[in-house]
Amino acid sequence: MSNPDARLLAARRIDPNDPRPPLVQALRIGLYDEWHALAVYDAVIRRFGPVRPFANIVHSEAAHAQALQRLCARHGVPLPVNDWAGKVVLPATLAECCAAGVADEIENVAMYENFLSYPMPADAVVVFNALKTASGERHLPAFQRCLARRGVGGGRGRGQPFAAATPGRDRPASGAPSSGVPVALALAGVVALGLGALSLLAGRHRRGA
């Protein structure tokens, strides 16, 4: 079954031209993104075992998704389609997965900053700020340490997912690992961490997707 909201959900940004209110868009995009992270980190654990930081962060991602689901229920927002089962594609090595985690959490912070740049109810502001802080101040440093321990490899964030396998290039997590993951993106993620993470966490708004 195709996902009718695929374009909006994949953008990870509120679309001012979309007829749905910003809160509706933000909750659906955020929940879809947290489901994606949950699927990715679970796939890493299934392939490599209960390795850190994935074994710790996967529980946080589940809690993030639950917090957003509660907001959806409270505000009458319909849940997005969770179509991540079978779509996750992992890089070849654990080091590459750590590099992807660095880029991924930077983008996650930017996503929540985008949400918070729009008027939101007080309860949504509290949750979005809490999830942004968790990603920027806990998950991001954890993946940075993982990357430092294991060395720089390629990786993709949620916006360029461990998902939607391309024939001849990527394979699902249950199959053989990918061999064509670009190193440049991981390097870009690390540079962005060093040069841009502080400004992100200070609340400066990143550009849209």
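We did not get these values from a lab; they are worked out from the coordinates using the rules stated. What you see is a predicted model, and the numbers here were worked out from it, not measured in a lab. No Cβ is skipped: glycine too gets one built from the backbone with ideal geometry, and neighbour counts run over all protein chains shown.
A compact table of results
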quantity	calculated
Cut-off 19 Å, label 7 Å out along Cα→Cβ of Ala122, residues of the range 62-80 by amide N	71-72, 74-76
Likely footprinting exposure, Ser60, Ser117, fewest C-beta neighbours within 10 Å first	Ser117, Ser60
For Glu96, Glu137, Glu34, Glu107, order by how many other beta-carbon atoms lie within 10 Å, fewest first	Glu137, Glu107, Glu34, Glu96
Residues Leu79, Leu71, Leu27, sorted so that the one with the fewest Cβ neighbours within 10 Å comes first	Leu79, Leu71, Leu27
The range 21-132 - Kirkwood radius from inverse mean 1/r over Cα pairs (Å)	14.6
Net length gained if the chain between Arg70 and Glu137 were fully extended (0.36 nm per residue, minus Cα distance)	21.8 nm
Extent along principal axes [Cα atoms of the range 1-63; Å; largest to smallest]	43, 24, 14
Spread of Cα-to-Cα distances over 5 Å intervals beginning at zero, given as percent, for the range 87-135	5, 19, 23, 16, 13, 11, 9, 4, 1
